[in-house]
Amino acid sequence: MQTTALVHEAYLKLLNAARFNDREHFLRAAALAMRHILINHARDRVADKRGGGAHHVDIDEVSEIGIGEPEIDLGEAHALVEINEALGRLGAISPRLAQIVECRFFAGYTDEQTAQALGLTDRTVRRDWVKARAWLRRELSVGQDVLDANPS
Amino acid sequence: MTSPREWQRIDAALDEILGLPPAEWSDACRRLAGDDSALRLELESLVAQVGGDDPLLDFPAAALPTDRVYPPVGLAPGVRIGAYRVMDLLGVGGMGEVYRAERADGQFEHQVAIKLMRREVGDRPQRFHAERQILARLEHPNIAGLHDGGIAEDGRPFMVMDLVVGQFITRWCEEHRSTLEQRLTLFLAVCDAVAYAHRKLVIHRDLKPSNVFVTEDGQPKLLDFGVARLLDQTPNDETRHGALTPGYAAPEQLTGGQITTATDVYALGILLFELLTGARPWGDDDLPLGALVDRILDGNVPTASKFAASRPRSPIPAKQLAGDLDAIIAKAVRKEPDSRYASVTLLQADLNRMLRSEPISARDGARLYVAGRFVKRHRWGVAATSVIAAAVLTAAVGIAWQGHVATQQAARALAVKNFLVAVFRASDPRIARDKPRGQITAKELLDGSVARIDHDFANQPELQLELLGIAAEIYGYLLDDERYDALMKQRVALARRLYGDHHPVVIEGVITDAWANIYSQNFAEAKRELEEADALLRESHLDQSALRAEWWLARDRALESTPNSDALRRLAVDRAIVLFAEYDPLNKSYPAALANAALRRVREVQYEEAARLNARAIDVAKNIPDHDDMDLALIYANQGSVLSSLGKFDEAEKLDDIAADLVRRTSGEHYGTYWRVLGLHAAMLYQHGDRVRALKMFTDMLATIPADWKATTDDTRARETYAEYLTQEGRAVEAVPLLEAALKVMTERPLHDYDLRYLQMLLADAYEQIGRLDAARSSLLWALEDYEAHEPRGRPSVLEAQERWARFLIDHPRDPTDLDVAAKVLGQVLEDGQSLSRYTVALARAHIDLARLALGSRPDAALLEADAAASALRGVRSVHDLRIDDDVVLVRAEALAQLQRLPEARACATSALTAALQHDGPRSVGMRRAQALVARLGARPST
């Protein structure tokens, strides 16, 4: 089962379930939805819920034989979860910056789309993104330093 | 941890710093922080992170591969699925895995493709099989055939399909360096397949290049028809969308709008775009999902030629795309489904015209005319028991059959328009010249023009069919039933001659005939015709269609005379609802189906469910742009009755008012249904105790019936209700002639089997009052036997008939055993009516009767029964005649008197009289009894 397909489906289901007053509302809600879905998915991968592959198929007497050696690199999944947590902390300090991250990073909106979703100017979005990105990078690298300093 | 306020300082400082060139940042941090070393540290550490590349944050999150390898642990070669043996894995998609397989028993040489689907699909095996059967019927050279399917042992469903060896259409064209003409030819073949499927009422929903293969010999083959729907497991049928490929999704698939054939048209437009320009319109393929969805909903598909011009390796020169192709694509991918090509065949037509260098339709903005509906001739009856109004809404005689949109629709539209204009231009010499223009009736104009249809359009049979239908519709509006019938018959005959029996127009004609027989109560004949229509529907593969829904509606009605058919009728009407919801939610008969389903529930005393269905019917009706106000009015009236049964008097009144208003507005006051609805409302008012308003409403209603009105069922029923009221008021002398007249009309033209027996009950009441006891007795007995024969035991109507009979025996015993019989019947009523006691006063009345039986010999028992009656009455939920309360009090008074508890007796009698003075007619039975009792007891009425 392809990840992207699942993400698509979940996303579309979420969209379909809601009704939007206007484009801004839609964009904001969609960005939030994206964040939820991606993080849930990443968490699932990390927690090994999905296991090492797709469904095992028991058909007739033949037992399941994998077609490929499952090889999962969870690095990025972990990273997403971390980013999400950092974002939570950022949101406590500056909700607007967190929203910008949601739009630009999680939903992948352009500056213009982000500006539209949040009711800001393009310029503000660009400026704020620089700040938010800097904050996140610092936040994420701090952890890294600590890790390096204390090899387990 | 920084606080939000602290952050604001930092934020402001950053703004200033970042506005400077990077070389000055370090100094700026120092300067702005001053002696706040913590702040300086903060600023410096943040500024240090600006710029540079970040592999994570600089790319959209969704682009991160959160699992690098995610292989399906699928089936190994040699595994058996059903009758097949898996050979190897062909691919993995969003819906499942596809394997190549061969027959395990080696019977046939050829190989197949097996698509093994996700487990959840197997959770609803019935639906899976139903869908599979629909898809299996798609037989077209350009559609990959579906052969078999089932659920594997682990619960995963699978489908066995033609193995298609080839390439995606886009890749194929690229590799073969196809020219514009070649690409268009392929595309037109794809359109053929889609149009075919649409005629079979299957929408693909997921058209994209990877679903369109081209085989080695250049034949396009479509895959995965309708499978997208199968995979969407949303339980609510109406909101299933299943768009799995956002890049090709139409706006309505993303926003939860209705999926129609226009959705496929959109996908075809995008496909055409890609086929001709070499790329998808939405820019890069790895656009993040949110952005992509936003573009689809809000952005515009770029002009194909301009897009091609901007790309270095466009397969077709932009020059060839400019003009017609631009317009065609643009029209196919409009955001509003209604603005696109109404059908795939129209898209094909434009492309063909373009290839032949004829003018195309995409370029004019005219909205194409959609085939009009054939109006229903309504023969509705609003039948009544005293509380419940049951309106029968007939099926639509005309149906918009989606699959039969002819290719020359534009030409047709024009011809139709011209015809209609000609009708009213009255330029036909056959119309009487001696009459001045203004005096010619619409009918005469129409008559003249209709005569020309056969002749003028002899070579265009589809057009003839259309025009005949429209003319019939107009006659319908002019209330010329004869001409309507004649034209509809002519239309059916024509369709039959041209297309044989399996044309929807013909089948629809058979169903119409069945309706006609139903109305004349020729149920046997109607059933036969429905059987005929049934076979035709199946043979024409129209089992899943709005036409089949119409059939079910007729079937429900045709079962009217069949005893014990409630379950079957319910099934029929529920099927109709499902089909309408699925295939034609804008069908005018859809609300009728819902309302009739409500009726079924009413008959089974499931009022809550009935109320829900009626509410839904109202919503659905309002949603239909050209909905029938008369139908809506009847639904409102019915809902009023249902709410009345649920005890919601005020709401019921409101709906009654709306109903009457609607009827008046649509058909004016001189219309039977109007009086009928008013009559019911008045009756409800009377029950509620409001004599004065009820009387006024009745008199107003009667006043609007013109003196020379030919008695029809509707005004007859209105008068019947009035007669019932008169009897209650003690004016049975006036009621009897009305009821007898009604009996005559009803016997000739009954609408429902329960009409007559109810009428007989009313007659019995009236006869009894004027002293014609024999007539009363025989009417009552007839009614009772009819009720018991046709309705299940324990139904309120049966209970009420039985109680009434017992009451009559008590009041006018002919035989000493009559009283015993009465007691037995009453006992039965009490027993049978336990479960439905909320909805009928029969039990309360039975207790009163038993009390009266006990008076004289056992007054204490009588008192107990009176108390039981009061208690039973309290439990009745429906709006009921509150004079029954007075009867309880009266019988109580009598019992108390016999027990020599005179003060209490007097108090009861007085209160009964007071109540009677408020809401009983001066000569009514209730009034007289109260007065007599008060006099006997020597009580004095208060005020």
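The values are calculated or read from the model by the stated rules, or taken from the named source; none is laboratory data. What you see is a predicted model, and the numbers here were worked out from it, not measured in a lab. Every residue, glycine as well, gets a Cβ built from its backbone with ideal geometry; the counts of neighbours run over all protein chains shown. Quick note on the areas: whole protein, heavy atoms, side chains included, nothing else; ligands and nucleic acids left out. Shrake-Rupley method; radii C 1.70, N 1.55, O 1.52, S 1.80 Å.
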Within the stretch B:208-249, count every residue that is buried (at least 18 other Cβ atoms within 10 Å of the Cβ), at pLDDT below 60 and not in a loop (DSSP other than H, G, I, E, B). 4
Kindly check whether there is at least one residue in the stretch B:559-576 that is open to solvent by 70 Å² or more (accessible area, probe 1.4 Å) and under 23 Å from B:ILE134 (Cβ atoms). yes
So which residues in the stretch B:256-280 are open to solvent by 10 Å² or more (accessible area, probe 1.4 Å), of a type outside the set (Lys, Arg), farther than 16 Å from B:ARG205 by Cα and touching a helix residue (DSSP H, G or I) at 6+ places or on another chain (Cβ under 7 Å), if there are any at all? B:GLU274
Matching residues in the stretch B:143-171 - criterion: being open to solvent by 50 Å² or more (accessible area, probe 1.4 Å) and in a strand (DSSP E or B): B:HIS147, B:ASP148, B:ILE151, B:PHE168
Being closer than 27 Å to B:ARG575 by Cβ and open to solvent by less than 20 Å² (accessible area, probe 1.4 Å): is that true of B:MET684 here? no
If B:HIS627 satisfies all but one of (1) assigned to a helix (DSSP H, G or I); (2) touching a residue at least 24 places away in the same chain (Cβ under 8 Å), what's the number of the condition it fails? (1)
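For every residue, the table says whether it meets (1) at pLDDT below 90; (2) open to solvent by 20 Å² or more (accessible area, probe 1.4 Å); (3) not in a loop (DSSP other than H, G, I, E, B).
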| site | (1), (2), (3) |
| --- | --- |
| B:ALA868 | no, yes, yes |
| B:SER871 | no, yes, yes |
| B:VAL876 | yes, no, no |
| B:ALA893 | no, no, yes |
| B:ALA905 | no, no, yes |
| B:ARG923 | yes, yes, no |
| B:ARG928 | yes, yes, yes |
| B:VAL934 | yes, no, yes |
Residue list for the stretch B:855-871, filter: touching a residue at least 40 places away in the same chain (Cβ under 8 Å) and closer than 19 Å to B:PRO813 by Cβ: B:LEU855, B:GLY856
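Considering only residues of the stretch B:484-505 that are of a type in the set (A, V, I, L, M) and more than 24 Å from the chain's Cα centre (by Cα), which is farthest from B:HIS198 (Cα to Cα)? Reasoning before the result, please.
Residues of the stretch B:484-505 that are of a type in the set (A, V, I, L, M), as a first pass: B:486-488, B:492-495, B:498, B:505.
Right, trim to more than 24 Å from the chain's Cα centre (by Cα) and you get B:486-488, B:492-495, B:498.
Details: B:ALA486: 32, B:LEU487: 29, B:MET488: 26, B:VAL492: 24, B:ALA493: 26, B:LEU494: 25, B:ALA495: 21, B:LEU498: 22 Å.
The selected residue is B:ALA486.
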Subset of the stretch A:92-111 [at the interface with chain B (Cβ under 10 Å from one of its Cβ atoms), surrounded by fewer than 21 Cβ atoms within 10 Å (Cβ to Cβ) and in contact with a helix residue (DSSP H, G or I) (Cβ under 7 Å, 6 or more places away or on another chain)]: A:ILE93, A:SER94, A:ARG96, A:THR110
Result of the Cβ filter at 6 Å on the stretch B:448-477, keeping first residues that are more than 14 Å from B:LYS489 (Cα to Cα) and partners that are part of a helix (DSSP H, G or I) and among the basic types (Lys, Arg), at least 6 apart or interchain, is B:LEU463/B:ARG412
Would you confirm, using the coordinates I've provided, whether B:THR817 is under 39 Å from the mean Cα position of the chain (by Cα), hydroxyl-bearing (Ser, Thr, Tyr) and open to solvent by 10 Å² or more (accessible area, probe 1.4 Å)? no
